[in-house]
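Novice: Before I ask anything, let me first share the structure, which is written out below as structure tokens.
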Amino acid sequence: MTDYSMAGRMAFVTDHMSILGAIADRFRRERPFDGMTVATRIHVEPKTGVLLEALAAGGARLVAMGNKATTDDATAQYLIDRGIVVLGARDDDDSTIQNHMRELVASRPDLLLDNGAEIIELLVAANQTVRGATEETTSGAITLRGPLAGRVPFPVLVINDSPLKAIVENKHGVGQSVIETIRSATNLLLHRRRLVVLGYGWCGRGIAQYGRAAGADVVVVEPDPIKALEASIDGFQVSTLDTQAPLGHVFVSATGHPGVITVVHMEQMRPNAVLANAGHFDNEIDMTTLRDVAEPSERGADITRYRFASGTVIDVIAEGRMVNLAVAGSRGNSIEIMDLGFSLQALCLERLALDPGSCLNGDQPVPADIDDWVAAAMVTELS
Ligand SMILES: NC(=O)c1ccc[n+]([C@@H]2O[C@H](COP(=O)([O-])OP(=O)(O)OC[C@H]3O[C@@H](n4cnc5c(N)ncnc54)[C@H](O)[C@@H]3O)[C@@H](O)[C@H]2O)c1
């Protein structure tokens, strides 16, 4: 049964996603997805729910699944009650998630919205094709340009490469929500605490900026010399993790790369150092090795304490999963920011539905006319 507070929340979110709302109204009239199955692999929560309802308004049959530990079960039920197939729940284990991913592929989608390129990998492995796909994340783009390069026989529009998404969502959305979530999960003051941000890409820039606004002394670790220069000229101390491991109070990774915070670093940390990850996959903090070498115990719902044989104790938020979505009760990026990102998604899926021939096979940027339309709509919205 639908939870009525959920219906109220959906109405609130829908009312604040006005750009996507205008697109949904047009979809309702023009039905660009009539007769098509659209599979989506993206965090199931209210803002995604508004995107799914917009695609359904355009005639799509939807099969949706979330990412590991980020599904909001109340939103999933709300969508199921409206005829959308939603696979999975927040507490699914890895083998259940794998089964749902296979079910998504078996639904024989015409269009795919992927998030991490894992479904694209499955399609390629199965020699299965689609009319076209979108990819939401940096991590997915890394896979498309690495192991999948030259092997994807359909167009993939990489939403993450849009300058709009980088500037608005990755920087401001992630920056705000990661800092808010760390504060709410720990209930700690960040003021004058040393916050070590790993990665000064789009997400890292935002986390550093919003961390500074919260009063933290921010130190950036960034191997790319040009981005390190940018961090420095933006007023942040630039250092290495080897130097900062014993000094930081809070560590946040946002790199898109595995094993960035190793157990060697963790063992050198000050007592009760707090670790969080904002990157897409839960491997930026080396949790696998940490679980092998340190003793875990709970410290409230979202924080696990790990004690090393040496006596060092550190606290990891949400087991190193994407902190701003995995912490219970966190709401992810703000509504207006996802209005922009999901408007890009909706218009790219429409382009792939109506005119796939205008795109090349493999990864490519969002078409410039779509970027321009959404940017202009957001400027109007913010004015
Ligand atoms: N939490 C969220 O809501 C959210 C939203 C968008 C993206 N993401 C994810 O966040 C991650 C980062 O995304 P982005 O857009 O900032 O990527 P980006 O490519 O702009 O930045 C990543 C940065 O990390 C740096 N880096 C690489 N290895 C490093 C290391 N060992 N130590 C320190 N820095 C290192 C790179 O040089 C680069 O500057 C990705 O996994 C992405 O999928 C999360």
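Novice: Do the conditions hold for Asn324, that is, is it polar (S, T, N, Q) and surrounded by 24 or more Cβ atoms within 10 Å (Cβ to Cβ)?
Specialist: It is true that Asn324 is polar (S, T, N, Q) and surrounded by 24 or more Cβ atoms within 10 Å (Cβ to Cβ).
Novice: Looking at (1) touching a residue at least 40 places away in the same chain (Cβ under 8 Å); (2) closer than 22 Å to Pro356 by Cβ; (3) open to solvent by 10 Å² or more (accessible area, probe 1.4 Å), which is the only condition Val86 fails?
Specialist: (2)
Novice: If you don't mind, another one. Are any of the residues in region 209-224 surrounded by fewer than 15 Cβ atoms within 10 Å (Cβ to Cβ) and within 13 Å of the ligand (Cβ to nearest atom)?
Specialist: Looking for residues that are surrounded by fewer than 15 Cβ atoms within 10 Å (Cβ to Cβ) and within 13 Å of the ligand (Cβ to nearest atom), one finds at least one in region 209-224, hence yes.
Novice: Among the candidates Leu190, Leu157, Leu241, single out the residue that is within 9 Å of the ligand (Cβ to nearest atom) and crowded, with 16+ Cβ neighbours inside 10 Å.
Specialist: Residue meeting the stated conditions: Leu241.
Novice: If you don't mind, another one. Could you check region 108-140 and list, in sequence order, the residues that are among the polar types (S, T, N, Q) and away from the ligand (no atom under 15 Å from the Cβ)?
Specialist: Within region 108-140, Asn127, Gln128, Thr129 qualify.
Novice: Mind counting the residues in region 302-321 that are part of a helix (DSSP H, G or I) and surrounded by 23 or more Cβ atoms within 10 Å (Cβ to Cβ)?
Specialist: Matching residues across region 302-321 total 2.
Novice: Please work out if Pro365 is closer than 23 Å to Ala117 by Cβ and open to solvent by 70 Å² or more (accessible area, probe 1.4 Å).
Specialist: For Pro365, the condition - closer than 23 Å to Ala117 by Cβ and open to solvent by 70 Å² or more (accessible area, probe 1.4 Å) - is met.
Novice: Is it the case that Asp339 is assigned to a loop (DSSP other than H, G, I, E, B) and touching a residue at least 60 places away in the same chain (Cβ under 8 Å)?
Specialist: no
For (1) open to solvent by less than 10 Å² (accessible area, probe 1.4 Å); (2) in the same structural domain as Val63 (by TED's automatic domain parsing), each residue gets a yes or a no:
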residue	(1), (2)
Asn115	yes, yes
Ile119	yes, yes
Gly132	yes, yes
Glu135	yes, yes
Gly140	yes, yes
Thr143	no, yes
Gly146	no, yes
Val174	no, no
Glu180	no, no
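The values are calculated or read from the model by the stated rules, or taken from the named source; none is laboratory data. Since we're looking at a predicted model, the values are computed, not measured. With ideal geometry, Cβ positions are generated from the backbone for all residues, glycine too; neighbour counts draw on all protein chains shown. To get the accessible areas, we keep the full protein, side chains included, count just its heavy atoms, and leave off ligands, DNA and RNA. Shrake-Rupley method; radii C 1.70, N 1.55, O 1.52, S 1.80 Å.
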